[in-house]
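Colleague: I have a structure here, written as structure tokens, and I will follow up with some questions on it.
What follows draws every value from the coordinates through simple rules; no lab data is involved. Everything numeric here is computed off the predicted structure, so don't read it as measured data. Methodologically, a virtual Cβ is constructed for each residue, glycine included, from the backbone with ideal geometry; neighbour enumeration extends over all protein chains shown.
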Amino acid sequence: MKAFYKLNQELDKFILSFGPKAKFSKAKELWEKATELMSSLDMSYYSDDAPLISDTDYDLFVKKIEKLEDLYPDLRRDSPTQRVSGTASSSFNKVAHKTPMLSLANTYNAEELLDFNLRVLKFLDWPKDKEIGYLVEPKLDGLAIEVIFEDGHLVRALTRGDGTTGEDVTENVKTIKTLPHKLKTLKTPKLLELRGEILLFKEDFLELNKQQEEDGEATFANPRNAAAGSIRQLDPAITAARPLKIFFYGFGEIDGVNFKTHQEFEEKLLSYGLPVNNQAQICKNIDDVVKYYKKLESKRHELDYDIDGVVVKINDLSLQKTLGTIAKSPRWATAAKFKPEQAQTVVEKIDVQVGRTGALTPVAIMKPVKVGGVTITHATLHNQDEVDRKDVRQGDHVIIQRAGDVIPEIVSVVFEKRAKNSKPFKIPLICPSCQSVAKKPAGEAVLRCLNPLCPAKIKEGLKHFVSRRAMNVEKLGDKLIEQLVDLKLVFKFSDIYRLSHKDLEKLPRQGEKSIQNLLDSIEKSKNSSLSRLIYACGIRFVGEQTAKILARQFETLDGFLNASEEALLNAHEVGEKVAKSILEQIKNPLFKKELHEIVRLGVILKTEAQNKKQGSQKLSGLSFVVTGTLEGLSRDEAKDLIELHGGTVQSSVSKKTNYLLCGESPGSKLDKAQALEVKVIDLKEFMEFIKN
């Protein structure tokens, strides 16, 4: 985005030097360039779900355009600053909103919040000694949506679009599991137009990106893009497969029910069975609003989802009506944004890493820098399309942040600091590990090494095989795996169970005790299960849950290896793509031979039925969420115990959760459990539960 940064500098120079000699023609020229670029940025953000610059840079850019319009008011007449950003996609039917979906004006600190309050009081001519109440809640970073209920039934869902016209995405929105299609009430309102936000929780975002990479699909830059991209799928089945969530916070037209306050409105939604954010709070005055803003900014990383600020609204709906709107924003509300947790650093080089499926992934190796209290040195660039879109090169100065407060992400390049001899980066068509020719399979977004004997693929596959949720060889870490492969002691999964004391003596810095501990952990891992082995094999599209489904369906290793396509498709949640991937593996005689060899070497594969017999089944029919640090027990071990005794494990708290197993430093899951009145138990209570 060289053009963006260059134009930014021109705007700054013109505004700062503005005076009697300033020419309108120059201002108009700058304004035309800036508004054209603004429209292009809006298209990338709202329609393509691929932002080209950070939200903060965009907001500051728009403020400069507005400043130019303040200097020359005639420019404002047809300006995009006077309308809601975005446009309705041509891929979906366009439908007009009965009342516009407005955007919020932004504030960026406590002082600006105080200024907002003063403007409200002045407009209302409010007595100085009388307090005015606010409802405050997190500003969710997702996709704005309107969901319409008629006579208690969900009839339509529209994106914001340009604020007056949105895209009809009803069938996709109906797949969101937390959204009821019928209101829980005997007295149903005739019309209820609700405004809300569709989003992905951080943990689900990480899992989705992991699956996207394995599937050869483009990964998402952040949870907001992932949510927007999911809703804009032309196939609702794809949307349904993604763990989207929705929260409601506003309304358009309403007929058949009345509210006096915004708090009353949100409480009514809860009684209807509709999801509302449990972090919302009433503040009696602006000082309490500032306290809430600062508190939420300090705990934003503890939340399960992305937020970029706080929304502040007048609680009294009659006062909202009196205040009305100005241009594209309501006077009665503001978005108080947090300072972006970003930093500037230098890309020292771009490495290409090879994953266990052969995917070639460019990774920026950067000069260490702290972002949000975490030192960042690496950031994935996903694929060539992403590299080209951001134009990241070796030696560039870049702005980085943590997407979803988790994944290091390069936001943009500081082009004015780029070296003149800089060259675009291209992923080589040769695998950096084995020098085989890399290819991009049809319909996929990533280059792959197709050599089954590629050392990098072997190493990554082995790392997955021995991981905790797979075969759980505790003492065999990543570094040891790499050493074993480099020394040609291990080539395939079964080689792990052939390792001898003499073999391990060849490893550097391995004493007698370390060698024995490693041999003991390998021996211990032989007591396993069919589902663990299926998952450990790393079959594309087969995650841990699918592996458990397959183990239940086919019961034995031979039953699985001899499965037909029809039998696979009859398994719960196994579609054509997954079935095809499994068939490619189990029809391979080398794959069959390898799994039989693992069993011959002493691995015992308990069936799911045998696992159930081993447990008490006291947790059958109960669902759990695990949070915090449990003394003497890892989260994975806790999840294993729950499943061993017949329970199910959920990733997030919902009304359907029976228990929250809570340790030290639990974060926001505890708050949500308490708000939903989910029973909270500690480890001691849990262990007594399964013993008695």
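Colleague: Just to be sure I understand the model, the point goes 7 Å from the Cα along the line to the Cβ. What's the resulting PHE591 to THR164 distance in nm?
Modeller: Placing both labels 7 Å along Cα→Cβ, they lie 5.6 nm apart.
Colleague: Enumerate the amide H contacts of TYR305 below 5 Å, restricted to partners 5 or more residues apart or on another chain; note that Pro and chain-start residues carry no placed amide H.
Modeller: LYS202
Colleague: In nanometres, what is the gap between the two model label sites at ILE282 and LYS182, each 7 Å from Cα along Cα-to-Cβ?
Modeller: For ILE282 paired with LYS182, the spin-label model returns 3.3 nm.
Colleague: Something else now. So for VAL347, VAL414, fewest C-beta neighbours within 10 Å to most, what's the order? It would help to have the intermediate numbers written out before the result.
Modeller: Values: VAL347 22, VAL414 13.
Placing the least packed residue first, the sequence is VAL414, VAL347.
Colleague: To the nearest 500 deg cm²/dmol, what mean residue ellipticity at 222 nm is calculated for the chain from DSSP H runs of n ≥ 4 alone, each contributing -39,500 (n - 2.57), summed and divided by the residues? Show your work: numbers first, answer last.
Modeller: Values: 26 runs with 259 residues, N = 692.
Counting only the DSSP helices, I get -11000 deg cm²/dmol.
Colleague: Of the peptides 578-587, 549-558, 220-229, how do they stack up when ordered by the mean number of other Cβ atoms within 10 Å, highest first?
Modeller: Peptide ranking by packing, descending: 220-229, 549-558, 578-587.
Colleague: Treat each spin label as a single point 7 Å out from the Cα along the C-beta direction, and report the GLU302 to LYS23 distance in nm.
Modeller: Placing both labels 7 Å along Cα→Cβ, they lie 5.8 nm apart.
Colleague: What ranking of LEU476, LEU561 emerges when the number of other C-beta atoms within 10 Å of each C-beta is taken as an exposure proxy, fewest first? Intermediate values should be presented prior to the final figure.
Modeller: Details: LEU476 23, LEU561 15.
Lowest count first: LEU561, LEU476.
Colleague: Under 11 Å from a point 7 Å along the Cα-to-Cβ line of GLU584: which residues of region 560-576 have their amide N that close?
Modeller: none
Colleague: SER529's amide H: which non-local residues (gap 5+, or another chain) put their own amide H closer than 5 Å, with H modeled 1.01 Å from N in plane and none for Pro or chain starts?
Modeller: Those lying under 5 Å, H to H, from SER529 are LYS606.
Colleague: Between region 409-446 and region 542-587, how many Å separate their Cα centres?
Modeller: So the separation of the two Cα centres works out to 36 Å.
Colleague: Within 10 Å of each residue's Cβ, count the other Cβ atoms and sort LYS420, LYS64, LYS339 from fewest upward. Mind dumping the intermediate values first?
Modeller: Values: LYS420 4, LYS64 18, LYS339 10.
Arranged by neighbour count, lowest to highest, LYS420, LYS64, LYS339 become LYS420, LYS339, LYS64.
Colleague: Would you mind computing Rg(Cα) / (2.2 N^0.38 Å) for region 152-270, counting N as its residues?
Modeller: Ratio of Rg to 2.2 N^0.38 Å for region 152-270: 1.18.
Colleague: Mind ranking 95-105, 495-505 by how tightly packed they are, going by the mean number of other C-beta atoms within 10 angstrom, highest first?
Modeller: Details: 95-105: 17.1, 495-505: 14.9.
Most protected by this proxy first, the peptides run 95-105, 495-505.
Colleague: Measuring from centroid to centroid over Cα atoms, what is the spacing of region 167-204 and region 639-692 in Å?
Modeller: Value for the Cα centre distance between the two parts: 27 Å.
Colleague: When the scattering of the chain is computed by the Debye formula from its Cα atoms alone, each counted once and equally, what is log10 I(q)/I(0) at q = 0.05, 0.06 Å⁻¹?
Modeller: Ignoring solvent entirely, the Cα scatterers give -0.29, -0.42.
Colleague: Please give the peptides 648-654, 508-514 ranked by average Cβ packing (other Cβ atoms within 10 Å per residue), highest first, as a rough proxy for protection. Please report the intermediate quantities before stating the final value.
Modeller: Working: 648-654: 17.4, 508-514: 9.6.
Going from most to least packed, we get 648-654, 508-514.
Colleague: Quick check: the angle from helix 635-644's long axis to the longest principal axis of the chain, C-alpha only, nearest 10 degrees?
Modeller: 70
Colleague: Moving to a separate point now. Which ³J(HN,Hα) values in Hz, rounded to whole numbers, follow from the phi angles of region 388-398 under the Karplus curve 6.51 cos²θ - 1.76 cosθ + 1.60, where θ = phi - 60° and Gly and Pro get x?
Modeller: 5, 5, 8, 6, 7, 10, 5, x, 5, 7, 10
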